[in-house]
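FYI, it's all coordinate maths here, none of it is from the lab. All values derive from a computational prediction rather than experimental measurement.
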Amino acid sequence: MRELSEVIAADARLVILQELARQFDARLNEMGLAHVLDAMGIRRSREWVRSQLNALAGLDAVRLEEIGSVMVATLPRTGRDHVERRAVIDGVSRPADI
C-alpha cells in the first residue's frame, strides 16, 4: 500500500498537469500552481511544489525554465496525453472518470 504522502504527491502532479492544460499557452509559474494546489486542499511550501515540478520534468510531463527566481512550467505533449487519457504516466494520478 502506498504512503499517504505518495498519494498526495501523485494527486498534486495531476492537478498541476490539468491546470497547465487549462491555460491558453499551457504555461504557468510555480506561484500560480501553488495557489491552485492550495485551493484543492494541498497546501505545501514553494520547495515542495518545485520538487513536484522537477519530478514531472523527470517524467517528461512538463518542461521547466527559470525566469529570475521563478520556475515556469510548460505542458508538452506527454503531459497533455496523460490529462486527455491517451497515455499513463507512472507517479501521476489518473484523471477521474467524468
- Task: List every DSSP H helix in the chain whose Cα atoms extend 20 Å or more along the helix's own long axis and whose mean Kyte-Doolittle hydropathy is at least -1.0.
- Result: 4-22
- Query: What residue among G58, G41, G68 has the largest mean-square fluctuation in a Gaussian network model of the chain, using Cα springs under 10 Å?
  - Reply: G68
- Query: When the helix-only estimate is applied to the chain (DSSP H runs of n ≥ 4, each -39,500 (n - 2.57), divided by the residue count), what is the mean residue ellipticity at 222 nm, nearest 500 deg cm²/dmol?
  - Reply: -15500 deg cm²/dmol
- Query: Rounded, prolate or oblate: which one fits region 20-98, using the alpha carbon gyration tensor with axes a ≥ b ≥ c (rounded when a/c is under 1.5, else prolate when a/b beats b/c, else oblate)?
  - Reply: prolate
- Task: Could you grab the relative contact order for the chain? Cα pairs under 8 Å, six or more apart, rounded to a whole percent.
- Result: 32 percent
